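Asker: Have a look at the structure that comes next, please.
The values are calculated or read from the model by the stated rules, or taken from the named source; none is laboratory data. Computed from a predicted model, the values in this text were never measured in an experiment. Cβ sites come from the backbone with ideal geometry, for glycine too, and all protein chains shown count toward neighbours. Surface accessibility is based on the protein's heavy atoms, side chains included, excluding ligands, DNA and RNA. Shrake-Rupley method; radii C 1.70, N 1.55, O 1.52, S 1.80 Å.
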Amino acid sequence: MKQHLSACIFDLDGVIVDTAKYHFQAWRNLGQSLGFDFNEQFNEKLKGVSRVDSLKLILSHAGITLSDQDFAKALASKNEEYLGLISSMDKDEILPGVLPYLIKLCKHNIPIALGSASKNARKILQQIELIEFFDFISDGTMVQRSKPDPEVFLLVTEHFGLEPKKCVVFEDSIKGVIAANTADFVSIGIGDANILEMADVVYENLLGKEPEMLLNYLNKKG
Ligand code: BG6
Ligand code: MG
């Protein structure tokens, strides 16, 4: 299988672990403190986006301008709330099917990488006791550009010296799927097929999924 499938790259929030809901809660509370409420539909635009760019999006939708100092304070306050929400999180919040899937990839000797916009990624992987599975971690501390730019995924293929079209990206965000498609990765959407319609294929989650199924999508890519 390894000669066909070179590596699997996983987004973190909403793919590996159920943290997307905590990002939503913390951003929404911050928005409300600035007089701007938003719903899950608007939140889809924030998924996969860096902390700084998320705040810029919220402010531009709310029509609010902040001084540099208040902008920095708002970022710190969101992150502080988020860290509080995840402080007692443990491996129970790993999403369905993730652990057996990672074990199967290891058995096939397929390299496993992270491709996440989060600057908290390493901490979270340690907290949920999955960090040992990852051969390479590409995260928000290493990139200049937010998804839908594919930089965070291309750091992985550059590191291993691989071709994107032989690698698979697992993503729960529209922007992450676009990033993967832009750089010619195989994109697997995790979540709602209506929202992630641009993905090569969408799984509700990884429960019962076999890595061998990925070969079909790679073959279609040519
Ligand atoms: C992405 C999330 O994975 O990471 C976004 O989908 C989040 O919601 C972004 O804003 C940045 O995360 P952090 O942990 O660095 O604030
Ligand atoms: Mg995500």
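Asker: Pull out a ≥ b ≥ c, the square roots of the eigenvalues of the alpha-carbon gyration tensor of the chain, then state rounded if a/c is under 1.5, prolate if not and a/b is larger than b/c, and oblate in the remaining case. Walk me through the intermediate numbers first.
Answerer: Details: a/c = 1.92, a/b = 1.69, b/c = 1.13.
Cα axes put the chain in the prolate bin.
Asker: In addition: Segment 194-222 to segment 77-139: how many Å between their Cα centroids?
Answerer: 20
Asker: Charges at C-beta only: +1 for Lys and Arg, -1 for Asp and Glu. How large is the resulting dipole of segment 20-86 about its Cα centre, in Debye rounded to 20?
Answerer: 120
Asker: How many percent of the accessible area of segment 116-219 is carbon or sulfur, using a 1.4 Å probe?
Answerer: Working: 2200 of 4660 Å².
Roughly 47 percent of what the probe reaches on segment 116-219 is carbon or sulfur.
Asker: Next question. Under 23 Å between alpha carbons, and skipping anything fewer than 8 positions from residue 119 in its own chain: which lysines qualify?
Answerer: Candidates past the 8-residue exclusion: 21, 45, 47, 56, 73, 78, 91, 147, 175.
Asker: If you don't mind, there's one more thing I want to ask. Quick one: grab the alpha carbon gyration tensor of segment 25-144, order the square roots of its eigenvalues as a ≥ b ≥ c, and give me rounded if a/c is under 1.5, else prolate or oblate depending on whether a/b is larger than b/c.
Answerer: prolate
Asker: Can you compute 3J(HN,Hα) from phi for each residue in segment 66-79, using the Karplus curve 6.51 cos²θ - 1.76 cosθ + 1.60 with θ = phi - 60°, rounded to whole Hz and x for Gly and Pro?
Answerer: 10, 5, 4, 5, 5, 4, 5, 5, 5, 4, 5, 5, 4, 5
Asker: Moving to a separate point now. Once you order the gyration tensor axes a ≥ b ≥ c over the Cα atoms, which shape class does segment 148-222 get: rounded for a/c under 1.5, otherwise prolate or oblate by comparing a/b with b/c?
Answerer: Oblate, because a/c is 1.5 or more while a/b does not exceed b/c.
Asker: Also, I was wondering about something else. Which far-off residues, 5 or more places away or on another chain, put their amide H under 5 Å from the one on residue 202, with H placed in the peptide plane?
Answerer: HN-HN under 5 Å from residue 202: 189.
Asker: Modelling each spin label as a point 7 Å along the Cα-to-Cβ direction, I'd like the residue 205/residue 69 distance in nm, to one decimal.
Answerer: A separation of 4.6 nm, rounded to one decimal place.
Asker: For the chain, with every protein chain kept in place, what is the accessible area per residue (1.4 Å probe, Å²)?
Answerer: Here the residues of the chain average 47 Å² of exposed surface.
Asker: What does the net charge come to around residue 156 if you take all other residues with beta carbon closer than 11 Å to its beta carbon, with K and R at +1 and D and E at -1? Working shown, then result.
Answerer: Values: positive: none; negative: 135, 139, 151, 158.
Summing Lys and Arg as +1 and Asp and Glu as -1 gives -4.
Asker: Next question, about the same structure. List, in order, the whole-Hz ³J(HN,Hα) value for each residue of segment 182-197 obtained from phi through the Karplus relation with A = 6.51, B = -1.76, C = 1.60 and θ = phi - 60°; use x for Gly and Pro.
Answerer: After applying 6.51 cos²θ - 1.76 cosθ + 1.60, I find 4, 9, 6, 6, 7, 10, 10, x, 10, x, 8, 5, 6, 7, 9, 4 Hz.
Asker: Run through the DSSP bridge list for the chain and note the antiparallel percent, rounded to the nearest 5.
Answerer: Approximately 5 percent, going by the DSSP bridge assignments.
Asker: Okay, next question. Which residue, 134, 153, 170, tops the fluctuation ranking in a GNM of the chain built on C-alpha contacts under 10 Å?
Answerer: 134
Asker: Treat every Asp and Glu Cβ in the chain as -1 and every Lys and Arg Cβ as +1, leave all other atoms uncharged, and give the resulting dipole magnitude about the Cα centre to the nearest 20 debye.
Answerer: Working: 23 positive and 31 negative charges, 71 e Å.
Charge dipole, the chain, about its Cα centre: 340 debye, nearest 20.
Asker: Continuing with this model, one more query. What net charge is computed for the residues neighbouring residue 86, neighbours being all others with C-beta under 11 Å from the C-beta of residue 86, Lys and Arg scored +1, Asp and Glu -1? Walk me through the numbers before you get to the answer.
Answerer: Details: positive: 21, 123; negative: 13, 18, 81, 90, 93.
With Lys, Arg at +1 and Asp, Glu at -1, the net is -3.
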